[in-house]
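Taking it in order: structure first as structure tokens, then the write-up.
The values are calculated or read from the model by the stated rules, or taken from the named source; none is laboratory data. Since the structure is predicted, the reported quantities are computational estimates derived from the model, not experimental observations. Here the Cβ is made from the backbone with ideal geometry for all residues, glycine too, and neighbour counts use every protein chain on show.
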Amino acid sequence: MGKKNTVLMLGILAIIVLVAAQVIIIRSNWKQNDEMLLLRYRSLSQDAVTALRGSRSTAYDTVRFILGKYSEQAVNELSLIKDEAVMETKKAEILEYFSVVLNREQDFSLYLSSYFGLMGFEKNFNHRIDISNLDIINDDDTINIFRSGTFIARRSPPREFMTTTQKGSKSSILVTRPWLADNNYILNFEYYIDFSDKKRLIFREMSASLGMSLFSILVVVIIFIVAYKNLMEEKRLSNLKTDFINNMTHELKTPLATITVAGKTLEMEQIRTDQTKILETAKMIGKQSVHLNQLINMILEISMWERTQFQLDRKKVDIEELMDDIVSSFKTGCGNCATLHQKYNLDGVQADIDLVYFTTMINNLLSNAVKYSEKEPVIDVEGFTDEKNLCIRVADNGIGISKTDQKHVFDKFYRASSGNIHKYKGLGLGLYYVKKIAEAHGGDVTLNSKPGKGSIFTITIPYK
């Protein structure tokens, strides 16, 4: 158990380290692609601004015209205001109007989108316009409406487009700082672009590397699970093999010890003169020899089944008559060791079966019913048919089988145990034979059992 847990923990730790390493690499690549995306579009934006300036575009002519008309009216209204609070309210109204017109009437976003698309890049983005300075000119007097804390006055002649590589925020790109003016106002503002789905763009660029990372992690996890399951299965089979060898040694030693003792008994002079004792000892030797031969044949049959295809010598027989003979022979052979109830509803059904193997299959179920019982064994044997199958059901009042053991009782060498102790002697081959013989006849065997409530084995074999 300690080795099993150590392997499991080391495997899980290795997978965690692998996943952590992949996450670190992916996050680093994501950050790098994020920076590259902003750098790419910043460069494209600068090229677009240069091209627009070179073509003498009128991207803000409509804005300039609308704001010029509005500023004429604003100048007159401001000249009549004497109250400072009213003046501040009016300034806020003017600032709001300028901002709305800038966002609604500008054509620069359409130009940028068209330019990005022409260059083969994503053309859908959000834009943001921040006014940095707004002055209203009243004759020779200049009234400042708004000035941001970051505004820097320029002494150079006003230019419509002044490009910069500065970023407005981590996800925004400052594309241009236009400067619009006429006789009644001077307006400075900043134009930013921000992609509506930047994560999707980065994910699309990283899809190949992400896919490979996830695939590699998945492959490693699957390999680990398969390897761990194989390791546990090998351990289980090794334990079964060890258990089988120990039990087989014990089973072989029992008849051999009996034969040895019987042989030495026959050497005794007082026994040689007693014909009755000689006959009893001879019978004992014969019985143990038969038992020993059965054990050896069982091992040889296992080897044969592993090497060659299972072959049946089928004959058409009346199933009810055969079942009657098998049950009667078993009851006589075990010295009426159990109470057996038979119920058949077969209507003279005949089936092509191998008499020897079929008899072995039923005998194994009956033997287990007697063997795994802590009280007087009561066995119900029932035979019936459905549309296609012959069904033989053997129910007992034994100790039952747990859910865990039910998954393996038909495995070779497997024996149900209580903790680490096998209370009942055996080789773990009886139910394995039952399963193999049923399958060889084209059928199957199922189990329904509860601990302390007995077990019900149902064999189904096609007969039509």
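Quick look at the numbers
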read-out: Members of region 328-351 that are assigned to a strand (DSSP E or B) and β-branched (V, I, T); value: T339
read-out: Filter result for the condition that a residue is assigned to a helix (DSSP H, G or I), at pLDDT 85 or above and surrounded by 13 or more Cβ atoms within 10 Å (Cβ to Cβ), over A74, A48, A92, A85; value: A74
read-out: Selection from region 76-124 of residues that are charged (D, E, K, R) and touching a helix residue (DSSP H, G or I) at 6+ places or on another chain (Cβ under 8 Å); value: E77, K90, E105, D107, E122, K123
read-out: Close pairs (7 angstrom Cβ cut-off, 6 or more residues apart or separate chains): in the same structural domain as L37 (by TED's automatic domain parsing) and among the acidic types (D, E) in region 111-126, part of a loop (DSSP other than H, G, I, E, B) and modelled with pLDDT under 80 anywhere; value: E122/F195
read-out: Residue count for region 114-141, restricted to those that are among the polar types (S, T, N, Q) and farther than 28 Å from S79 by Cα; value: 3
read-out: Residue in region 165-179 that is surrounded by 14 or more Cβ atoms within 10 Å (Cβ to Cβ), β-branched (V, I, T) and at pLDDT 80 or above present; value: no
read-out: Hits in region 203-220 - residues which are surrounded by 15 or more Cβ atoms within 10 Å (Cβ to Cβ) and under 13 Å from L18 (Cβ atoms); value: S213, I217, V220
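Yes or no, residue by residue, for (1) in a strand (DSSP E or B); (2) closer than 16 Å to S328 by Cβ; (3) touching a residue at least 12 places away in the same chain (Cβ under 8 Å):
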{"position": "I353", "(1), (2), (3)": "yes, no, yes"}
{"position": "I362", "(1), (2), (3)": "no, yes, yes"}
{"position": "S367", "(1), (2), (3)": "no, yes, yes"}
{"position": "E376", "(1), (2), (3)": "no, no, yes"}
{"position": "I379", "(1), (2), (3)": "yes, yes, yes"}
{"position": "I392", "(1), (2), (3)": "yes, yes, yes"}
{"position": "A395", "(1), (2), (3)": "yes, no, yes"}
